[in-house]
Amino acid sequence: MVTALTSTVDLVHGGRWTSLRGGDREWLWHRPDSARSRVRPGDAFVDAGGIEECLPTVRGKPDHGAVWSRPWRRLDAETAGLTGDDFELTRTVRHAGGAVAADYRLSAVPGWSFVWAAHALLELSDAARIDAPAGTATRVYDDARDLIAGNWPDGAPWLMAEWPSPLGLPLHRLGPPDGTAVGAILSDCPRVSVVDGPDELTLSLAADAQPVSMALWRNLGGFPQPDPYRSIGVEPMLGTVFDLAEAGPGDAAVVPPSGVCAWRLVLEALS
């Protein structure tokens, strides 16, 4: 049965999504950290949960991008935006048919490349799993180098394998804390579902002529040291790498000749 979702955002603190609720369930994980309210552009990322807007990179510089640390301005009841050093970004959030849809519009010089992610940290049980098409090409990052059989090639930031158990790692199973933390990106994957008991959250992303992926941050108590915690990130993204500086041909989104790039994120729930 479809469960109507509602959402709230905090424009002052980076346009951050602070709630995604369906019925009695809050889907967003939170980690209280007083430093989150004091960040300024260029500061290190503060992992407070919710959904953070990451652009023009996720890993790399600036840490988690230049958007999450800047205040947004409200343009109307549904639309907000901000101006970065090289771009302008707006986001229009609507609630209809039980779903939450966010339409993004980025204006920049044609040819400007970027990575964007909805850095969604979800409140999930140890039994939760991710449903995505079997065989999806998946980049497993070198966080996993000590977890796989055999030697990790020197200098390789990632290895490519197939979902749901790339390199023998059952990444679809989110599981209890076990001291590991792995980042991965499911390439050319516009839709995944997170199933947790009777509840299901589906995240879908659409963009014309851009690389569409789903990133996974499966932190089962392996990060950060010395005080790790469990956190699960399921992150719709434009691009196929975490760090824009590592992007090869086709790995990043590129602003077309029109100077405008648009994409849509849709969140839906069942219970």
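The values are calculated or read from the model by the stated rules, or taken from the named source; none is laboratory data. Remember, it's a predicted structure, so these values are computed and weren't measured experimentally. Here the Cβ is made from the backbone with ideal geometry for all residues, glycine too, and neighbour counts use every protein chain on show. Ligands, DNA and RNA are stripped out before the accessible areas are found, and what is left, the full protein with its side chains, is counted by its heavy atoms. Shrake-Rupley method; radii C 1.70, N 1.55, O 1.52, S 1.80 Å.
Things to note:
- Strands (runs of 3 or more DSSP E) fully within the stretch 190-261 counting 3 or more residues that are polar (S, T, N, Q): none
- Just one of (1) under 26 Å from Gly155 (Cα atoms); (2) open to solvent by 20 Å² or more (accessible area, probe 1.4 Å) fails for Ser213. It is (2).
Residue by residue, here is whether (1) touching a helix residue (DSSP H, G or I) at 6+ places or on another chain (Cβ under 7 Å); (2) of a type in the set (Lys, Arg); (3) in contact (Cβ under 8 Å) with a residue 60 or more places away in the chain; (4) surrounded by 14 or more Cβ atoms within 10 Å (Cβ to Cβ) holds:
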{"position": "Gly168", "(1), (2), (3), (4)": "no, no, no, no"}
{"position": "Val194", "(1), (2), (3), (4)": "no, no, yes, yes"}
{"position": "Thr202", "(1), (2), (3), (4)": "no, no, yes, yes"}
{"position": "Ser231", "(1), (2), (3), (4)": "no, no, yes, yes"}
{"position": "Glu246", "(1), (2), (3), (4)": "no, no, yes, yes"}
{"position": "Val255", "(1), (2), (3), (4)": "no, no, yes, yes"}
{"position": "Val260", "(1), (2), (3), (4)": "no, no, yes, no"}
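- Only one of the listed residues (Asp24, Asp76) is out of contact with any strand residue (DSSP E or B) (no Cβ under 9 Å at 6 or more places or on another chain), more than 18 Å from Gly233 (Cβ to Cβ), surrounded by fewer than 17 Cβ atoms within 10 Å (Cβ to Cβ) and among the acidic types (Asp, Glu). That residue is Asp24.
- Considering residues of the stretch 90-122 that are under 20 Å from Thr202 (Cβ atoms) and among the aromatic types (Phe, Trp, Tyr) only, the residue surrounded by the fewest Cβ atoms within 10 Å (Cβ to Cβ): Tyr104
- The single condition among (1) closer than 22 Å to Gly233 by Cα; (2) of a type outside the set (Ser, Thr, Tyr); (3) touching a Gly at 6+ places or on another chain (Cβ under 7 Å) that Val2 does not meet is (1).
- Apart from one condition, Met237 fits all of (1) surrounded by 22 or more Cβ atoms within 10 Å (Cβ to Cβ); (2) more than 13 Å from Leu265 (Cα to Cα); (3) in contact with a Phe, Trp or Tyr (Cβ under 7 Å, 6 or more places away or on another chain); the exception is (2).
- Every condition in (1) modelled with pLDDT under 95; (2) among the charged types (D, E, K, R); (3) under 19 Å from the mean Cα position of the chain (by Cα) holds for Asp154 except the one numbered (3).
- Strands (runs of 3 or more DSSP E) completely within the stretch 123-163 that count 1 or more residues being among the small types (Gly, Ala, Ser), touching a helix residue (DSSP H, G or I) at 6+ places or on another chain (Cβ under 6 Å) and open to solvent by less than 80 Å² (accessible area, probe 1.4 Å): 158-162
- Looking only at the stretch 57-68, and only at residues there that are open to solvent by 20 Å² or more (accessible area, probe 1.4 Å) and touching a residue at least 60 places away in the same chain (Cβ under 8 Å), the one that is nearest to Trp263 (Cα to Cα): Arg59
- Selected residue (only one of Pro190, Pro177 is closer than 30 Å to Gly259 by Cβ and surrounded by 13 or more Cβ atoms within 10 Å (Cβ to Cβ)): Pro190
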